[in-house]
Structure formats: C-alpha cells, structure tokens
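The structure appears right after this line, and notes come after that.
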Amino acid sequence: MLQLHDLSVEFDEGFQLKHINWQIQQHQHWLITGANGAGKSALAAVLAGYGEILAGSTSSLPTRIGWVSFEAQAQLIQAELKKDDADILDVISLGTPVREIIFTEEIDPVIAGDLIQKFELDYLLERAFRKLSTGESRKVMLIRALSCHADLLILDEPFDGLDQASHTMLQNHLAHVVTHTQVVMVLNRFDEIPDFISHVAYMEDGQLRHQVKREDTQAFNELYQLLHLKTTHLTVPDADADHKRPTLNPLEPLVKLSNICIKHTDMVLIENLNWCIQANQHWQLSGPNGSGKTALLSLITGDHPQCYTNDIFVFGFQRGNGESIWQIKQHIGYVSTALQWEYRVGTSLANVIISGFYDSIGLYSKSTDQQKHIAQKWLALLGMEGRGDQPFNKLSYGDQRLLLIARAMVKHPPLLILDEPCLGLDDINRQLVLALIEKVCAANETSVIYVNHHAKDRIAGIDHYLALEKSADNS
Amino acid sequence: MSNNYFNTLPLREQLEQLAKCRFMHMNEFTEGVDALKGKKMVIIGCGAQGLNQGLNLRDSGLDVSYTLRQSAITEKRQSFKNASENGFTVGTYEELIPKADIVLNLTPDKQHSPVVAAVMPLMKQGACLSYSHGFNIVEEGMKIREDLTVIMVAPKCPGSEVRAEYVRGFGVPTLIAVHEDNDPQGHGLALAKAYAVGTGGHKAGVLMSSFIAEVKSDLMGEQTILCGMLQTGSLLCFDKMIDKGMDAGYASKLIQYGWETITEALKYGGVTNMLDRLSNPAKIKAFDLSEELKVIMRPLYNKHQDDIINGTFSSTMMADWANDDVNLLGWRAATGETAFEKTPAGDMEISEQEYFDHGILMVAMVKAGVELAFETMTAAGIIADSAYYESLHETPLIANTIARKKLYEMNATISDTAEYGCYLYNHACLPLLADFMKGIDTDVIGRGLASDDNGVDNARLIEVNAALRDHPVEAIGATLRGHMADMKKIV
C-alpha cells in the first residue's frame, strides 16, 4: 500500500505541499483534482519521487513509474535543447529522432510499436523530437509511459493537446491498461473523468482537502460543483431585462432604520437601534443567539409584524403608508435557514430559481422564455446543468441552499440578505456558498448583508460591521 | 325572533340564487386593491380568520385595525393580544366603527346577530359590511340598513393557511358574493374583488357566488361528507377492527392518518384516482361497498339538504343556541368519550399504500359521501362548481385536521355550525349503517384482501372504471382542478 504520512514537501519554486495524509490501496485508481495552483501536479510529482521532504514520511513508493505531465515533457524538451547548445561543432544538430526517444531499453517494443500505429506517429519516427508540435510530443510521452511496464502510471492532464481521435483512442487504451496497472490521474476538468477512476483527491492551497469515493454519488457531485465553481470563470447571469422594477433614488439610502424597538409580550429584544445602509455598502451583521439578528432583518424584508410600528424607510417607502410587502420584496434577495424550511415544495430546480423573480415560494406565475433561459444559466453556474427538471425537495441540503442563493440573486436585487447562509452546510458546500457570495460582492451592483457566527466565513469585500448584543432583559 | 330570508323569496329567485357560481378569470382582478386603497378597514373579532386576514390585508398596503368588545380589551383576552402584539390599532366599537369605510365581521356565526345589531347603528352612512359566511343574512334574516353595502369574502381554508399561502406569494381559493338587496352604490363587487386580492385569494382562484348558494351548499357539505361522514366512518371502522380482535393502536393509527392519506389522492385526481390507488379486486370491492352505502344513506343526505333548504336545520340549531348550547356541548363531550378518540395511535410503521390496501371501506365511504353530497346538492339546484368545492375539494382539508388530533381537532377547527350539523348527521348515520356493518370483516378494513390472486373479470372492471369516470363530480372536478393547476404548483 502506497502511503504518504503527514508529508510536507517543498519544490523549486518555493511551492509547498503541507501535511498530506494519503493512502492508495492496490486496485484503486485515483484522480487528483483542484483549482489551478492548488498543488495537483505537485502531489503527483511526489509519487514520482520529486520534491524535498520537509517533514513526514512516505512508504512503498513505486519503483517503476510511467509519468506523463507538462513538467516531464518540458524537461525532456529542455534536455534536447541543451544537447543542441552543447554542440561545439559548427554543424547543425538534427536533434534526437523520435525513434531514439521512444525505443530506450526499458521500453517494451511490441507495445510501443502498437501505440505508434494507433497514434499514427509512424511518419514522425525519424523526425527530431524537439521539432514536434506540443500534441505530437505529448503522444511520444504517452507512448513511453504506457510501454514501460510501470507499477504506477501518473497521467497529469494526459488529454491536453490531443485531438479528438487520439483522445478517444487513449481512453480506450487506458480502460485496458488499468486491469493490470495502477493509475493516478490529474485532471482539472471533471467531464473528462474516465470510468475506471475509483477515488478522487481534491487539492487546495497545497493541502489534500477532500478524499471521495466515486461510488459516494452525493459527495462526488458536490466535489464536482465545488471544482466547477473554483475553476470556471464565473459570470453571474444577467437579470431579466423585461422584468422591471422601479428605479431607486441614488441619493437616498437603501434602508434607514431609526430608533428601532422590537418587543415580544413583556420582553424587549432590540431597543433604540439605528442603522443606515447605503447603496454599494457590504455589511456583516453579527451577534449571539437571541440578540435579534433575524428579527432585525425581517423588519427590512417586511416579514415582521412590528415593521408597522417602527420608523422604517426602505427602497423609497416610509413603511405603513399603503405600500405592499411585494413592493418592498422586489428589491431584496433573501436566504436563510428558515426560508429553506419553508421552501418545502415539489417544484423543479428551474422553477425554484425563477420564483426569485416573483419573490414567491413555489412558482405561481407563468414564466417567460427569457426567465427559463436565465435559470438554465444559473444551473450551469452551479454545476447542475441539465438537472432543471429534477424536484427541489429531493436535493441534498447543500444543493438546496445553493439553489436558494441563486434564487435570491437571479433578479440582481439592490440588497441581498444572507442570514447565516452556511449554517448546517458541510465543508465542501460552505466553500461553494462562500465562493458564490464573493462573486456577487465583487460584481458591485448589489449591497450584501451577511449574517454569521463563524469568523472563518469572512467574505472578501465586506467593509461595514454591525454587532448586536443580547439585551439585558432578554436573558 | 329570526326570519329566514331565503324562505321569503319566490321559488324563481331561490333557484336563481342557488345556481350562482362562476370561476372568475384572472384578468377580472387587474385593478388589484385599488377599490380599498386609503379606506379604513375595521375587523371585528381577532381569532384565526380575523388575525390572518388582517395581516394579509395590511401587507397588501391596506389600512386595517381591530375592534373588540370593551371587556375583551380590559381583560386583555387572547383576541386583544393577537391584535395588539402584531402592531395593530385596537379599539372599542364606539371608537373605531364610526370611522370605518368597511367593517369586516369575522366573528363566529353564533355572535353575528348581537354583533351586527351593536355595530350597525355606529356605522357611517354608505359604508360596507362584510361577512365571511352568509348564515346571518340568509338563515337569520338579518336586515341591514339600506344605505350600507353588504358583501361576503370567504377564503375556503382555515385562517392559518390563509396566511401561510399569502406569505408564499400565493393565496387560497376564495368565494365572494354581493347581497343584492344591499348594494345601493353598485360597488359591492368591486369592494369584494379588492378584498379578495388583499388576502391573496385571486391568485388561487375566486368563485363568484351568492349569499344563498354559499350558505346552502356550505352547510350541506360540512355536515355530510366533510365532517359527518368522517366522524361516523371513524367510529364504525374503529369499533369493527376492535370487534375482530385487531390491535387497538394499529386500528387507531389506520383511521387517524388514513383519511388524510386516501383523500390526498382525491385532491390530485378526484374519486377516480383515489380508487385507482387500489388493486383491481380491491377497487371493485370498494366500488360495490360504496354503491351499497349510497342506497342506504341517500335518504339521510336528502333529509339534510331538505332541512337546510327549508330552514329546519338553522332553526333547530338556533334553538340550541338559545338553550345555552346544551345539545352541542353534550355531543361534544360524548365524542370525546368514544373508544376511537381515547385510543392513541400506535407507533408501528404504515406505508402510504397500506392505508389504501387496508382501508378499502374508508375509500368506499369517502366515495359514497362525496358523490351523494354532490348529487344531492345539484339536485337541489346548487350549481356543480359550488357542489364540487363544498364536497370533494374540502374533504382533504378536513381529513388533515383528523390526522392532527383526531375528531377533537376536527370539531375544534370547524365552526360551531358545522360541528352541530356533524353531530346531527352522526347520530342518524350510526344506526342507519348498523346492519351494513354486520356484514363487514377485516378484509375491507384493517387487513386488506388476501393477496394470493389479483385476478378480476374484465367486463366488470371495465364497467366499474367507466362508472367512476362518468360521474358528474369527476367532470367538473377535472375542469376546476385544471384552473387551479394553472395557478397552483405547490404540493
């Protein structure tokens, strides 16, 4: 069993892998994935014996390795170029021909010959290796790795630069190879993941963050979405141009709460609170349980009955003057655990997103083609493409939360209220949610009010803070 | 003493009023709440309907306050707390009624006469008085001052649902009507529509009806299929299972949750779908049982409808009101003492399908009750749309209350009027079905048919399926559920 035990490794560029604990059993085929710069290739290189071990240990590293990677390819090309430089004779070097590069002593000529045919490289055998195109030299690397009877094949982005025919050929060939050779593959695109992969390792910041079994479908899907969010250049889909709401006066604050008092029976929850939220400010609201965070927010959303007994100015309305709550809600996107509890409807994923245009729980209006199109874009953004018709109530808790965040953002509201959006989410889903929120903050057309307990869940871009305290007679 | 309004009308008008019911189109509500904008709405009573309708109306931008009797305010009764803790202005009749443009009477039926008598003299010239049930006007013959507009807006769901659906951005099906004798300015319909919009009802569907059609169909539905049949059925089915030596906890659970489960199928696809949930032999069995039940119970349904139409029911009940509710309270206590009511549901697992398979008789009872109520109402001149809403449509709502806390919860949730009618029905129906029940065994209630052979005769199955699908309640049901499904996507 191949084992990395609390291993920290440093590479030339100063990049470090930290505290890696990893076991690879025989007959397992792993995929290493993660965003750019997360340490995927570095982890694979450790298996090939590269890097300077700072701490920890390895055991049972394989002796004969077939390694395909951009780095290995670069090394080989570098070496070839050096040969050229080293030529002190005034003769133009022809470089090492491909045939010599492939047929070294550790190579099985039968397998290599077969692969040369399959990759249609015959006509290149006499050409200088350094003159090959990237795709061609990649094929040479693959043939070497696959023909050396390796104990372990490390395939770091093996499909990069391959044309479609070669890609398919390689997939088919690998399906055969894995019956007798262990494979560790590095990919940053999940959609290329071959069927034989049994385990996935997810890297982030030089650490091995998640290890997931392929058969654990739910964890696998979540990892897929996380990777998708981290690696795709996220563009928040446009709002629906046909779904207009009144423009707000830019000179007025979005929300102005004056001398707020919230009382329950004989208990005072909040007293004499003032809060003014200007457009494009991002706020973090914190406070212990029972300090009235949610009650305060529901004064803004119009869900608290005492919003009619307080001095509240929201989106151009002084509350209690004949406005309806729907005129208020059209300016707000809202996510909370309570909303998720209330959102117990058998509607489809696409309809949940579209319901954000109407501020409803469930969809009761006929949606337009434009809105359906926008919903599809959001689903794609969340890594749930093609799942628009699935029922919402069958989704995992974390997926539901993501969808409700999309619902809150779909209309690009001036104010987005996220009341403990990460509550009850596991690590993967928390990172997903935070990644999504950061995208919104950065887009800068929505003011965010973010409520949380965890200092860890800080959001880049938040610059204003309001901390509630538990009132004295509320203990 | 009261003077039954319906009985003062000539037959021609009686029939015309009974036949009023029309499903309104969404585009009839484009003016929203405009007709009520800036008007002072004062609600009398702050129970579940009063509070929740008021919350919705206020959130729709309308000016709502509550008026309660002085004693309720001084003693800080629950109704006072409900209103004041939600930030509403609360005042006495004298303080608030004279300023009101529209007075919403949301008190229980029983209080209507004294309440209306007290507020009417205080109401300003040309104001509007709104009811959510027409009993006071139709059965008690209350005469309203000629300058006042009288309308009815009746959400067809419990108050808590009225609020919950509004908050979701939807509403509950609502019935509206204008009392034609009291529409001096001709704006009764505009006010009723705006009120329905204010509670969110227009999103779920609004039925335009008449005070008379509402009262006569509502009374009929609630005392027969909705509450009466479920109560009688619960008691008979439970006693039969115990009699046959079945576990009491299982019997209790099968019934308590069984009504809700089987009528859920009714809600989605009518009687046909409810029966389609059974195996073929069980379906034929349920069909045969229900045919038998319909023959036995038809005279009882006719009697209830006749007594409702001619006013016998309401005068009997009002006599009990005058007698301190002796009958109502006695029957309520007796229901609490029944074996079904006193046996807690067991903690065994019963699958959704098992409720159908082991509850064939319950399915037969629901089918018989729905069809009889519908047939009797339409025969009395009530239009099919009304009859559908007051029978099939509301059955699952009542069944839900039994699932919560058995008959106690059902009778506590429904109005005193419905409860009174329910007991009347139950007392007549129990002895009526005594002989029928002698022939019943656990194959149709409690254990299900022996499952070794699911074979049926083709011709018989075709006959049964055709009979189910051809019943008139299925045709109107399919149409109305279609309207609803266009709007309502909630499960």
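The values are calculated or read from the model by the stated rules, or taken from the named source; none is laboratory data. Please read these numbers as outputs of a predicted model, since none were measured by experiment. In this analysis, Cβ positions are derived from the backbone assuming ideal geometry, glycine residues included, and neighbour counts consider all displayed protein chains. The area values use the complete protein model at the heavy-atom level, side chains included, leaving out ligands, DNA and RNA. Shrake-Rupley method; radii C 1.70, N 1.55, O 1.52, S 1.80 Å.
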*asked:* For the stretch B:246-266, check the following and say yes or no: at least one residue is among the basic types (Lys, Arg) and closer than 30 Å to B:LEU18 by Cα.
replied: no
_Given the criterion without any contact (Cβ under 8 Å) to a residue 12 or more places away in the chain, on the phi < 0 side of the Ramachandran plot and away from chain A (no Cβ under 14 Å), identify the matching residue among B:ALA403, B:ALA434, B:ALA384._
B:ALA434
*Would you kindly identify the strands (runs of 3 or more DSSP E) lying entirely within the stretch A:1-72 that contain at least 3 residues that are of a type outside the set (Gly, Ala, Ser) and open to solvent by less than 10 Å² (accessible area, probe 1.4 Å)?*
A:2-10, A:16-24, A:30-34
*Can you name every residue in the stretch A:94-107 that is open to solvent by 30 Å² or more (accessible area, probe 1.4 Å) and either under 41 Å from the mean Cα position of the chain (by Cα) or not assigned by TED's automatic domain parsing to the domain that holds A:SER137 (or both)?*
A:GLU106
*Quick check, is A:LYS244 outside any loop (DSSP other than H, G, I, E, B), at pLDDT below 85 and of a type outside the set (Asp, Glu)?*
no
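Every residue, every condition in (1) open to solvent by 10 Å² or more (accessible area, probe 1.4 Å); (2) under 33 Å from the mean Cα position of the chain (by Cα); (3) within 11 Å of another protein chain (Cβ to nearest Cβ), yes or no:
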{"residue": "A:ILE325", "(1), (2), (3)": "no, no, yes"}
{"residue": "A:VAL345", "(1), (2), (3)": "no, yes, yes"}
{"residue": "A:LEU349", "(1), (2), (3)": "no, yes, no"}
{"residue": "A:TYR364", "(1), (2), (3)": "yes, yes, yes"}
{"residue": "A:TRP378", "(1), (2), (3)": "no, yes, no"}
*Of everything in the stretch A:259-297 that's among the small types (Gly, Ala, Ser), away from chain B (no Cβ under 14 Å) and open to solvent by less than 20 Å² (accessible area, probe 1.4 Å), which residue is nearest to B:ASN86 (Cα to Cα)?*
A:GLY292
*asked:* Anything in the stretch B:174-216 that is in a loop (DSSP other than H, G, I, E, B) and either open to solvent by 10 Å² or more (accessible area, probe 1.4 Å) or without any contact (Cβ under 8 Å) to a residue 24 or more places away in the chain (or both)? List them, or say none.
replied: B:HIS179, B:ASP183, B:PRO184, B:GLN185, B:GLY186, B:HIS187
*Mind telling me which of the residues B:ASN7, B:ASN3 ends up being open to solvent by 40 Å² or more (accessible area, probe 1.4 Å), under 28 Å from B:LYS110 (Cα atoms), part of a loop (DSSP other than H, G, I, E, B) and not assigned by TED's automatic domain parsing to the domain that holds B:VAL178?*
B:ASN3
*Assuming B:ILE44 fulfils every condition listed in (1) open to solvent by less than 20 Å² (accessible area, probe 1.4 Å); (2) touching a residue at least 60 places away in the same chain (Cβ under 8 Å); (3) within 14 Å of chain A (Cβ to nearest Cβ) apart from one, which condition is it?*
(3)
*asked:* Within the stretch B:347-365, does at least one residue satisfy the condition of being assigned by TED's automatic domain parsing to the domain that holds B:ASP239, under 19 Å from the mean Cα position of the chain (by Cα), assigned to a helix (DSSP H, G or I) and more than 20 Å from B:ALA403 (Cα to Cα)?
replied: no
*asked:* I need the full set of residues from the stretch B:175-207 which are modelled with pLDDT under 95, in contact with a strand residue (DSSP E or B) (Cβ under 7 Å, 6 or more places away or on another chain) and within 19 Å of B:ASN136 (Cα to Cα), in order please.
replied: B:LEU175
_Total residues in the stretch B:75-100, condition more than 14 Å from every other protein chain (Cβ to nearest Cβ) and assigned to a loop (DSSP other than H, G, I, E, B)_ = 4
*Scan the stretch A:329-343 for residues that are open to solvent by less than 10 Å² (accessible area, probe 1.4 Å) and within 11 Å of chain B (Cβ to nearest Cβ) and report the count.*
1
